[in-house]
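Q: If you scroll down you'll find the structure; I have some questions about it.
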Amino acid sequence: MHRGYPDRHLIIIFGATGDLAHRKLLPALYEIEKHTSARGRATILGVARGALNDDQYRRQVIDGFKESGETDPALVEWVNKTVHFQSLGDQGPGAYAALRRRIEEIEKARDIPANRIFYLALPLPAFAPTVESLGHAGLNTSAGWTRVVIEKPFGRDLASAQSFNALLHRFYSEESVFRLDHYLGKETVQNLIAFRFGNALWEPIWNRDRISHVEITAAEELGVESRGAFYEQAGAVRDIIQNHLLQVLGLVAMDAPAGIDGTSVSNEKLKVLRSIEPLHDTDFVLGQYAAGELNGKTMPGYLSEEGVAPGSRTETYAAVRLWINSWRWEGVPFYLRTGKRMARKTTKIVVTFKCPPAAVFNPYIVCGNEGNRLTITLQPNEGFNLAFQVKVPGEGMRLHTQEMRFRYADEFGRLPEAYQTLLLDVMRGDHTLFVRNDEVEAAWRVCDPLIAGRVPVHAYPAGSWGPTQAQALVEADRYQWVNV
Ligand code: BG6
């Protein structure tokens, strides 16, 4: 990964009045200002349709910070000095030419070299027209560097992702595109690389000889909240499996990269994604939450949420079994699952190792789901647990499953927010934690069968671990989901 001071630049945020900008991007930029070597490097230009001037937008930004409890007296000064706003109005002819003039004016007035980051914090349908308008206004190149950040979801399926990649490449080189998946910015996800390749311990056993199966779960207690209309167009596969979980799978299953840089890491993740065998309808289960009890409260079902169409078949849960056709993983099932309104918020990877080859402790040996197991908790309560067998002191040879535990909070305190890490990497031009065009397409190739609408969507009560049918998926292989 590249370290050092980023060049001075202008970051142009499209969707500047939206939720993502206020809740994640501006706070991350402020954290970067306060706590990193990039202090004073970024100037911000918010862009949206609304007819605001600089002062009105600055007030909106400051109010947003205050609502989230930020009380730092230096904040107001930073906002007034750093943040600007440009309205696109109804985006009629001339809107992007005016934007270009504004960018050049700010650069000139503040003596900023023409280094530009265009951050598209926009809904999916707005990506392509915005990229096209930027390109036609000549905002795809500059005397310095130009980078464009695209938030997930990147396309709706393989075909749309391919055509969006083609459009992007008409105006921007792959090197200047940063496809952002915020999971890759989580410390615990980055740590998968350090954990696997910074230790000699794991590599000899990280394969089909010693690993029985791997489970990756992203369970949320939240429902769709106020995002019903958005979620209707997405569903759990597009929202989480295609991007967050397949990226995590890539890091768990990949071979050692030639180095820790964008090309090397993407090459290895791509190999994994391309080696996943095509999914059949019997390899996955979809679900949708119905009303149920969660944390002592009765939660409404998905169909009663605002913005959800009557009789909607959008899945809020998906469980998938997949096989990676490679020398390392042949015969090892990987189970991925995600769901909203599940019993508990937890994102974790559970690696279950095979039983000892000879059952010398029979009949006392406990194996299968009780054998050696490595649990990597990505959030919350980030850390590792390694379960192994010990002898119970006293007469006879009785075995007991014991755990070694490590928790980040005990050692390192608070972890940085994903957006802070990722924005800093864009400023430095480091692609290690971003998703390359071919990875996105390979991930859609895996997911297209899941969104073909061929399988039933089973109801599950809010506050549960998903539809009962998902049990059968793992039980068919004699395993159980790890619901802790
Ligand atoms: C987003 C999804 O990408 O990730 C949301 O669109 C989801 O639906 C969120 O809630 C989960 O992120 P995290 O960081 O809370 O696991």
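Q: Among the residues of the range 228-276, which ones are away from the ligand (no atom under 16 Å from the Cβ) and either closer than 17 Å to Glu151 by Cβ or not in a helix (DSSP H, G or I) (or both)?
A: The answer is Met254, Asp255, Ala256, Pro257, Ala258, Gly259, Ile260, Asp261, Ile276.
Q: Quick one: which residue in Glu305, Glu293 is more than 29 Å from Leu249 (Cα to Cα) and within 16 Å of the ligand (Cβ to nearest atom)?
A: Going through Glu305, Glu293 in turn, just one is more than 29 Å from Leu249 (Cα to Cα) and within 16 Å of the ligand (Cβ to nearest atom): Glu305.
Q: Sticking with this structure for a sec: Go through the residues of the range 389-404 one by one and say whether even a single one is in a strand (DSSP E or B) and either within 16 Å of the ligand (Cβ to nearest atom) or more than 23 Å from Lys354 (Cβ to Cβ) (or both).
A: Within the range 389-404, not a single residue is in a strand (DSSP E or B) and either within 16 Å of the ligand (Cβ to nearest atom) or more than 23 Å from Lys354 (Cβ to Cβ) (or both).
Q: Let me ask another. Going through the range 31-51 one residue at a time, which ones are in contact with a helix residue (DSSP H, G or I) (Cβ under 7 Å, 6 or more places away or on another chain) and without any contact (Cβ under 8 Å) to a residue 60 or more places away in the chain?
A: Listed by number, the residues that qualify are Glu33, Arg39, Ile44, Gly46, Val47.
Q: If I go through the range 34-48 residue by residue, how many of them are more than 18 Å from Asn115 (Cα to Cα) and at pLDDT 95 or above?
A: Of the residues in that region, 1 qualify.
Q: List every residue pair whose Cβ atoms lie under 9 Å apart, where the two residues are 6 or more positions apart in sequence or sit on different chains, the first residue falls within the range 332-359 and is within 16 Å of the ligand (Cβ to nearest atom), and the second residue, located anywhere, is in a strand (DSSP E or B) and acidic (Asp, Glu).
A: Here the result reads Leu336/Glu215; Arg337/Glu215; Lys348/Glu215; Ile349/Glu215, each pair linking the range 332-359 to a residue that is in a strand (DSSP E or B) and acidic (Asp, Glu).
Q: Filter the range 207-227 for residues that are away from the ligand (no atom under 16 Å from the Cβ) and either more than 26 Å from Leu322 (Cα to Cα) or surrounded by fewer than 18 Cβ atoms within 10 Å (Cβ to Cβ) (or both) and give the result.
A: Asn207, Arg208, Asp209, Arg210
Q: Still on this model: Find all pairs meeting these conditions: Cβ atoms under 6 angstrom apart; at least six residues apart or on different chains; first residue within the range 181-202 and away from the ligand (no atom under 16 Å from the Cβ); second residue part of a helix (DSSP H, G or I).
A: Here the result reads Trp202/Arg196, each pair linking the range 181-202 to a residue that is part of a helix (DSSP H, G or I).
Q: Please specify each residue of the range 406-440 satisfying the condition of being more than 16 Å from the ligand (Cβ to nearest atom), closer than 21 Å to Arg147 by Cα and not in a loop (DSSP other than H, G, I, E, B).
A: Leu424, Asp425, Val426, Met427, Arg428, Asn437, Asp438, Glu439
Q: Does Arg445 satisfy the condition of being part of a helix (DSSP H, G or I), among the basic types (Lys, Arg) and more than 17 Å from the chain's Cα centre (by Cα)?
A: yes
Q: Of everything in the range 242-258, what is out of contact with any Asp or Glu (no Cβ under 8 Å at 6 or more places or on another chain) and closer than 26 Å to Thr375 by Cα? Give them in sequence order.
A: If the condition is that a residue be out of contact with any Asp or Glu (no Cβ under 8 Å at 6 or more places or on another chain) and closer than 26 Å to Thr375 by Cα, then Gln242, Leu245, Leu246, Val248, Leu249, Leu251, Val252, Ala253 are the ones that fit.
The values are calculated or read from the model by the stated rules, or taken from the named source; none is laboratory data. As the structure is a computational prediction, the values presented were derived from the model and not from experiment. Counting neighbours? That spans all protein chains shown, and the Cβs are built from the backbone with ideal geometry, glycine included.
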